[in-house]
Amino acid sequence: MSRLSQHFAALRSRNEKALVCFVTAGDPNPDATVALVETLAKAGADCVEIGIPFSDPLADGPSIQASSQRALEKGMTVRKSLEVIRRIRARVPDLPLIPMTYYNPIRHFGLAEYARQAKEAGADGHIVTDLTPEEAEEWKRICIAEELDTVFLLAPTSTTARIEIVTALSDGFVYCVSRTGVTGLRDDIPAELRDVVTNIKAYTDKPVFVGFGISRPEHVERIVAFADGVVVGTSLVNLIHKERDNPALLDIVYQYVASLKAATKS
Amino acid sequence: MTTATAEYALLPDGRGRFGVYGGRFVPETLIPALDELTLAYAAAQQDPAFQKELDGHLKDYVGRATPLYYAERLSDEYGAKIYLKREDLCHTGAHKINNALGQILLAKRMGKPRIIAETGAGQHGVAVATVCARFGVECEVYMGEEDTRRQALNVARMKLLGAKVIPVTSGTATLKDATNEAIRDWVTNVRNTHYIIGSVVGPHPYPMIVRDFQSVIGREARAQILEKEGRLPDHIIACVGGGSNAMGIFYPFLNDGAVNLLGVEAAGEGLDSGKHCAPLTAGALGVLHGSASYLMQDSDGQVAVTHSISAGLDYPGVGPEHAWMKDAGRAKYVSVTDNEALEGLQKLAHREGIICALETAHAIAYLEKMRPQLTPETILIVNCSGRGDKDMNTVVQSLELA
């Protein structure tokens, strides 16, 4: 059983829901990313997605676009992102880590070589936002060989046939997008979300986590009533950017993430 | 080669692939919409009423068939027989309306009340705004802020036609970024919105659909040249950004192996300068905007910043079918610089009294490079894809005509 599956099975046995956090590698800088992920782990994050920046992130809203752009402008690359993951792994030996990026940078790197290096750096799984199962045959084969979990996404528009395919192929958890749209802050939780998640869970025993638009403890509370976990990205990326020069950055991030984690247990 | 060319008409395959190119590299949210579009298009193709309606609008609204014009003084200059396929005479001034019209009819069939589009030079945006006005559909057009400046006339036209023009400031604020933003809108509003992509790019089935709707150019040209000359041309020349006008005129000639197909990319300030947008000439395999094709990218797989004097060619990617035709040797791709394009534009204006678009000027300019191989018997067709009114500001500044 992979580290992801073990970790989430343990959570389930404790009747606890998962908090997954997202940060962009290299925003505001590589050292900060390493320290931030260590802080996320201390604050209770169950898993961290490390965004490897891409110039054209078409599934992301303005906040993560800007974060990716800042990281790239400071010279972040795929290779340097893997180095950041390696350093994070040295600090948090047991935290599930999932690089998240788009297809072109890793295809350009060389899929097999990239997967090998990602695994070696300490990644447990991987998300490629613009790679659906139909286009992922080679990637899936490589990841199986490297024992790297592949997480696929489902959306409110996904048909029954697609739910069957994605739940069968996704490892560790199934990532359910909360709404039609890109990443970014929203005030509300879509009314249809409960039905979307409940329907997906009818097809799989794998944990189903919900992401996109989740930023507040009350969002988390409402979603974990029917889902197995939540993914929080944009609000964290915004907070880190806003407080990047504040000496208390890590404390502020700790408080925020601890409040989200507390909401998974309520 | 015969076997290979016979296969062209069969592509893309069931997965939307042209060899290793094409495919559907998009977020999960869009997959059901692409499936829906694939089915709706297949049904429309089987429905004689759809083709009849499309043909009717192409004739009476767009003004087709466009002439295949014998450019007498240009022919004298180059010592060959040069014909221009006058897409610049289409309603709205470019070939873009052929596709916009086909897709608005598809959107109607799918019951989508809202249309979005991306635009670079603004010709596609104007075409979409036009058909949306004609059919009474809400229309929003994403356009890079940089392009809204250099193509201000087209922004005004779109607004007058009732479309909302949304300037895009992210990234390089050109066509690539407008396309990103249009895709983000589509992901968000996919249930009630149809995205009219303007070129033979994007995820399957778009490259196929846009090619098919633009193929009217090549079908007409083929019949017209046979009528005028009694034989097929030796060369067909078209500019290539995403590649829709080129694909439209090339496609009906794919199985005519003796017809030399030439796509002209924008070399900008020169291929060595790095400031260009010639992915087929100087790029490598990559994935952008939902399909695998040639792509301008850096050593890290990040999409490169491009440059062309022509907003419509200022795009780092290219249609996957062009990538396939390049690799298969069926078409040849070359490039001309900003300055060469400006010379081409002036030559056509002086010799034929036709002010073409800067995009089209790249195709015209390539005649100069063909000069040594031309004979009085050589027959060429250049796709005159658009008219140049929109570019007057850029041209006036570049040539210091004011």
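So how strong a dipole does chain A carry about its Cα centre when Lys and Arg Cβ are +1 and Asp and Glu Cβ are -1, to the nearest 20 debye? The partial results should precede the final answer.
Working: 30 positive and 35 negative charges, 97 e Å.
The dipole of chain A has a size of about 460 debye.
Would you kindly compute the Cα radius of gyration of the range B:312-402 and its largest Cα-Cα separation (Dmax), both in Å?
Answer for the range B:312-402, Rg first and Dmax second: 14.6, 46 Å.
In square angstrom, rounded to the nearest 10, how much accessible surface does B:Cys239 have for a 1.4 Å probe?
Near enough 0 Å² of accessible area.
Select from B:Thr92, B:Ile354, B:Gly319 the residue farthest towards the positive end of the dipole of the protein assembly as shown; place +1 on Cβ of Lys and Arg, -1 on Cβ of Asp and Glu, and compute about the Cα centre.
So the residue furthest toward the plus end is B:Thr92.
State whether the range A:105-247 is rounded, prolate or oblate according to the following rule on the C-alpha gyration tensor (a ≥ b ≥ c being the square roots of its eigenvalues): a/c under 1.5 gives rounded; otherwise a/b larger than b/c gives prolate, and the remaining case gives oblate.
Working: a/c = 2.11, a/b = 1.17, b/c = 1.80.
Note, shape of the range A:105-247 comes out oblate.
Checking the a/c ratio against 1.5 first, then a/b against b/c, what shape does the Cα gyration tensor give for the range A:41-137? Intermediate results must be reported in sequence, preceding the final value.
Working: a/c = 1.44, a/b = 1.18, b/c = 1.22.
Rounded, because the longest to shortest axis ratio a/c is under 1.5.
Please give the average number of partner chain Cβ atoms lying within 10 Å of the Cβ of each residue in A:130-139, rounded to a whole number.
Numbers: counts 12, 6, 9, 2, 6, 11, 1, 0, 0, 0.
Average per residue, whole number: 5.
Take A:Ala225 and B:Asp55, extend 7 Å from each Cα along the Cα→Cβ direction, and tell me the distance between the two endpoints in nm.
Roughly 5.9 nm, to one decimal.
Are there trypsin sites (Lys or Arg not before Pro) in the range A:188-266 that DSSP puts in a loop and that have at most 13 other Cβ atoms within 10 Å, and which ones? Each step should come with its number before you reach the end.
Numbers: sites: A:Arg194, A:Lys201, A:Arg222, A:Lys242, A:Arg244, A:Lys261, A:Lys265; in loops: A:Arg244.
Sites meeting the loop and neighbour criteria: A:Arg244.
Would you mind working out the magnitude of the charge dipole of chain B relative to its Cα centre, with +1 at each Lys and Arg C-beta and -1 at each Asp and Glu C-beta, to the nearest 20 Debye?
900
Quick one: divide the alpha-carbon radius of gyration of the range A:187-266 by 2.2 N^0.38 Å and tell me what you get.
Numbers: Rg = 14.3 Å, N = 80, 2.2 N^0.38 = 11.6 Å.
Working it through for the range A:187-266, the quotient is 1.23.
Suppose a student asked you for the relative contact order of chain B, using Cα pairs under 8 Å spaced at least 6 residues apart; what percent would you report?
Working: 881 pairs, mean separation 81.9, N = 402.
Worked out over chain B, it gives 20 percent.
Can you tell me the dipole magnitude for the range A:113-266 around its Cα centre, using point charges on the Cβ only (Lys, Arg +1; Asp, Glu -1), in Debye to the nearest 20?
Values: 16 positive and 24 negative charges, 99 e Å.
Dipole of the range A:113-266, to the nearest 20 debye: 480 debye.
Once you keep just the Cα pairs under 8 angstrom separated by 6 or more residues, what percentage relative contact order results for the range A:110-184?
On the way: 84 pairs, mean separation 22.7, N = 75.
30 percent.
Within chain A, how many Lys pairs sit with Cα atoms under 17 Å apart, leaving out pairs fewer than 8 places apart on the same chain?
Pairs that pass both the separation and distance tests number 9.
Describe numerically, in nm with one decimal, the distance between label points set 7 Å from Cα along Cα→Cβ at A:Glu164 and at B:Glu138.
3.6
Cysteines without a disulfide-compatible partner in chain B, using Cβ under 4.7 Å as the rule?
B:Cys90, B:Cys239, B:Cys277, B:Cys356, B:Cys384
Taking only C-alpha pairs under 8 Å that are 6+ residues apart, what is the relative contact order of the range A:82-143 in percent?
Numbers: 50 pairs, mean separation 28.4, N = 62.
Contact order relative to length: 46 percent.
Can you give the Rg to Rh ratio for the range B:213-298, taking only C-alpha atoms and Rh from Kirkwood? Walk me through the numbers before you get to the answer.
Working: Rg = 15.3 Å, Rh = 14.4 Å.
Radius of gyration over Kirkwood radius for the range B:213-298 works out to 1.06.
Using a 1.4 Å probe and counting only protein heavy atoms, arrange B:Tyr333, A:Tyr114 so the residue with the most accessible area comes first.
Working: B:Tyr333 20, A:Tyr114 0 Å².
Largest accessible area first, the residues go B:Tyr333, A:Tyr114.
Averaged over A:62-73, how many beta carbons belonging to a partner chain fall within 10 Å of each residue's beta carbon?
Values: counts 3, 0, 0, 6, 1, 0, 1, 2, 0, 0, 3, 0.
If you average over the peptide's residues, the count of other-chain Cβ atoms is 1.
Identify, among B:Tyr21, B:Tyr83, B:Pro67, the residue whose Cα sits farthest towards the positive end of the charge dipole of the range B:1-90, taking +1 on the Cβ of Lys and Arg and -1 on the Cβ of Asp and Glu, with the dipole about the Cα centre.
Positive-end residue among those listed: B:Tyr83.
Once Rh is set to the Kirkwood radius over Cα pairs, what Stokes-Einstein translational diffusion coefficient, in µm²/s, holds for chain B at a temperature of 37 °C and a viscosity of 0.692 mPa s? Working shown, then result.
Working: Rh = 20.7 Å.
Result for D is 159 µm²/s.
Taking B:Lys164 as the anchor, which lysines have their alpha carbon closer than 21 Å to its alpha carbon, excluding any fewer than eight residues away along the same chain?
By straight Cα distance, B:Lys164 reaches B:Lys96, B:Lys108, B:Lys112, B:Lys176, B:Lys390.
Helix-only estimate, please: 222 nm mean residue ellipticity of chain B, summing -39500 (n - 2.57) across DSSP H runs of length 4 or more and dividing by its residues, to the nearest 500. Let's see the in-between values first.
On the way: 17 runs with 177 residues, N = 402.
Estimated from H runs of four or more residues: -13000 deg cm²/dmol.
Given 0.36 nm per residue, what is the gain on full extension from B:Met110 to B:Asp327 after removing their alpha carbon distance, in nm? Show your work: numbers first, answer last.
Details: separation 217, 0.36 × 217 = 78.12 nm, distance 3.57 nm.
Extra length available between B:Met110 and B:Asp327 comes to 74.6 nm.
Is the shape of chain A rounded, prolate or oblate, going by the alpha carbon gyration tensor and its root eigenvalues a ≥ b ≥ c, with a/c under 1.5 for rounded and a/b larger than b/c for prolate? Present the calculation step by step, with values, prior to reporting the outcome.
Values: a/c = 1.38, a/b = 1.08, b/c = 1.28.
It is rounded, given that a/c, with a ≥ b ≥ c, falls under 1.5.
Provide, in order from the shortest bin, the percent of all Cα-Cα pairs of the protein assembly as shown in each 10 Å bin, continuing until the bin that contains the maximum pair distance.
All Cα pairs, binned at 10 Å, distribute as 3, 16, 26, 24, 16, 10, 4, 1, 0 percent.
Along the charge dipole of the range A:93-176, Cβ charges K/R +1 and D/E -1, which of A:Ile98, A:Pro133, A:Leu148 sits furthest on the positive end?
Value computed over the given set: A:Pro133.
Please compute, for the alpha-carbon atoms of the range A:168-218, the extent along each of the three principal axes and give them in descending order in Å.
Rounded to whole Å, the extents work out to 31, 21, 19 Å.
For peptide B:177-190, how many partner chain Cβ atoms fall within 10 Å of a residue's Cβ, on average?
Details: counts 3, 0, 2, 8, 3, 1, 5, 11, 2, 2, 9, 6, 2, 5.
For peptide B:177-190, the averaged partner shielding equals 4.
Report, please, the projected area of the range B:104-254 averaged over directions, based on the convex hull of its C-alpha atoms, in nm².
On the way: hull surface 39.7 nm².
Projected over every direction and averaged, the Cα hull of the range B:104-254 covers 9.9 nm².
Just to be sure I understand: with springs between alpha-carbon atoms less than 10 Å apart, which residue in B:Pro67, B:Pro205, B:Pro372 has the highest mean-square fluctuation in the Gaussian network model of chain B?
Sorting by GNM fluctuation, first place goes to B:Pro372.
Just to verify a number: FRET efficiency for A:Met1 and A:Asp195, C-beta to C-beta distance, R0 = 30 Å, to 0.05? Walk me through the numbers before you get to the answer.
Numbers: r = 30 Å, r/R0 = 1.01.
After rounding, the FRET efficiency stands at 0.50.
The values are calculated or read from the model by the stated rules, or taken from the named source; none is laboratory data. Keep in mind that this is a model prediction, so the values were computed, not measured. Glycine gets a Cβ as well: all are built from the backbone with ideal geometry, and neighbour counts include every protein chain shown. What goes into the accessible areas is simple: the full protein's heavy atoms, side chains included, and nothing from ligands, DNA or RNA. Shrake-Rupley method; radii C 1.70, N 1.55, O 1.52, S 1.80 Å.
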